[in-house]
Amino acid sequence: MAAAFLLCPRLALPLRRGSRLLVSCSASSSDAAAGVGFQGRVGFLGLGIMGAPMASNLITAGCDVTVWNRTKSKCDPLLSLGAKFESSPAGVASSCDVTFAMLADPESAAEVACGTNGAAEGMAPGKGYVDVSTVDDVTSKFISRHITSTGASFLEAPVSGSKKPAEDGLLIFLTAGDESLYKRVAPLLDVMGKSRFYLGDVGNGATMKLVVNMVMGTMMVSFAEGLLLSEKVGLDPNTVIEVISQGAISAPMFSLKGPSMVKAAYPTAFPLKHQQKDLRLALALGEMVSQPIPTAAAANELYKVAKSLGLADQDFSAVIEALKAKVQNSQQ
Ligand SMILES: NC(=O)C1=CN([C@@H]2O[C@H](COP(=O)(O)OP(=O)(O)OC[C@H]3O[C@@H](n4cnc5c(N)ncnc54)[C@H](OP(=O)(O)O)[C@@H]3O)[C@@H](O)[C@H]2O)C=CC1
Ligand SMILES: O=CCCC(=O)O
């Protein structure tokens, strides 16, 4: 299979966009040997909203992919595409050269990497572990220590971008850790994403991701407040969305999610429970370095209310329901 990657070494960005390209993952490929592809087998642990399309894109690009997921049935669509299956994270790690993990939260990321039958048990010198889950820096460093104690390399690489960018291979990778592993997996990151940042020591990718999601979570609350206030004073919230989209505070998120929020529909792209987790982790980070983040703290309270209303698995835009509930409570 022909590899079709051309990397710009100065910018560390792929010099391609548009059509899906093929990446050589065969150890015997001459293109791979020429250094323009990825050599070896790729593991993928965690096939949720994000992990499934990411793994799918690797398979479509021609990679030799082995998958594992706690709920085995979620592997089936990937197996139909040609993926192999292993019954534990350790099994995946021992049969693959590089293993990616996309897990829900710090607890599951640590368990899958470091627990019984975890990936670390299958790691060895020459192998790499790339954790793309959103976790805090403490967890990432914990996983890094476990993985590197086996002689393997570790890279954290949380992503910006949601379900659709994951499907379209347009994620943004925020990487940190072993730089040679970063360079080695760059062709794979370029299959799954549109850009990648290398941020130095382990922890920097995790904290970058938390800062970004802290801003996103508070923006969403502010937007929800704006929609409800406009409705209350007799404005058409759809016009508000249109006005916002043309001005300085326009954001794809508002145009994308606003119209369904007006209809009280929250099809899940980014689960609300994960947004609340990210705010909780950002608040802990602020606490650790004595940085006040009061707006994020207030937003977090609303996501907690939304969770208590049974909205944890809805899209995070369902936080608007927590504001509606506040109005109802104040009228009782
Ligand atoms: N959705 C989004 O827009 C984005 C999400 N993220 C982050 O990516 C990560 C994954 O998100 P997403 O795919 O949306 O989440 P999902 O909830 O859809 O998937 C979570 C994955 O974690 C697995 N998992 C959960 N708990 C455990 C456990 N105890 N042991 C083993 N596996 C476990 C799930 O397995 P099972 O199928 O068995 O439940 C599933 O594979 C999160 O950290 C999230 O914050 C980052 C960017 C965007
Ligand atoms: O962690 C989730 C991020 C979602 C997004 O960037 O759109």
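Every condition in (1) closer than 30 Å to Glu287 by Cβ; (2) without any contact (Cβ under 8 Å) to a residue 40 or more places away in the chain; (3) β-branched (Val, Ile, Thr) is met by Thr150 except one, and the failing one is (1).
Restricting attention to the range 40-60 and to residues that are out of contact with any Gly (no Cβ under 7 Å at 6 or more places or on another chain) and of a type in the set (S, T, N, Q), the residue that is farthest from Phe100 (Cα to Cα) turns out to be Thr60.
Counting residues in the range 273-287 that are of a type outside the set (A, V, I, L, M, F, W, C), in a helix (DSSP H, G or I) and over 16 Å from Ala306 (Cα atoms) gives one or more.
You will find that of Asp131, Asp178, Asp136, the residue that is at pLDDT 95 or above, within 12 Å of ligand 1 (Cβ to nearest atom), of a type in the set (D, E, K, R) and closer than 23 Å to Ser94 by Cβ is Asp131 and no other. Scanning the range 204-216 for residues that are touching a strand residue (DSSP E or B) at 6+ places or on another chain (Cβ under 8 Å) and within 16 Å of ligand 1 (Cβ to nearest atom) turns up Gly205, Ala206, Met208, Lys209, Val212. Right, Ala83: small (Gly, Ala, Ser), within 16 Å of ligand 2 (Cβ to nearest atom) and touching a strand residue (DSSP E or B) at 6+ places or on another chain (Cβ under 9 Å) or not? No, not satisfied. Only one of (1) touching a helix residue (DSSP H, G or I) at 6+ places or on another chain (Cβ under 6 Å); (2) outside the structural domain of Ala110 (by TED's automatic domain parsing); (3) not in a helix (DSSP H, G or I) fails for Leu174. Which number is that? Here Leu174 meets the rest and fails (2). Can you spot a residue in the range 320-329 that is among the acidic types (Asp, Glu), under 20 Å from Val135 (Cα atoms) and not assigned by TED's automatic domain parsing to the domain that holds Ser162? Scanning the range 320-329 turns up no residue that is among the acidic types (Asp, Glu), under 20 Å from Val135 (Cα atoms) and not assigned by TED's automatic domain parsing to the domain that holds Ser162.
When only residues in the range 256-281 that are within 12 Å of ligand 1 (Cβ to nearest atom) and aliphatic (A, V, I, L, M) count, which is nearest to Leu229 (Cα to Cα)? Among them, the one singled out is Leu256.
Which residue, of Met219, Met253, Met192, is within 16 Å of ligand 1 (Cβ to nearest atom) and either closer than 20 Å to Leu103 by Cβ or crowded, with 19+ Cβ neighbours inside 10 Å (or both)?
So the residue among Met219, Met253, Met192 that is within 16 Å of ligand 1 (Cβ to nearest atom) and either closer than 20 Å to Leu103 by Cβ or crowded, with 19+ Cβ neighbours inside 10 Å (or both) is Met192.
The values are calculated or read from the model by the stated rules, or taken from the named source; none is laboratory data. The shown structure was predicted, so the numbers you read here are calculated from the model rather than taken from an experiment. Every residue, glycine among them, receives a Cβ derived from its backbone with ideal geometry; neighbour counts consider all protein chains shown.
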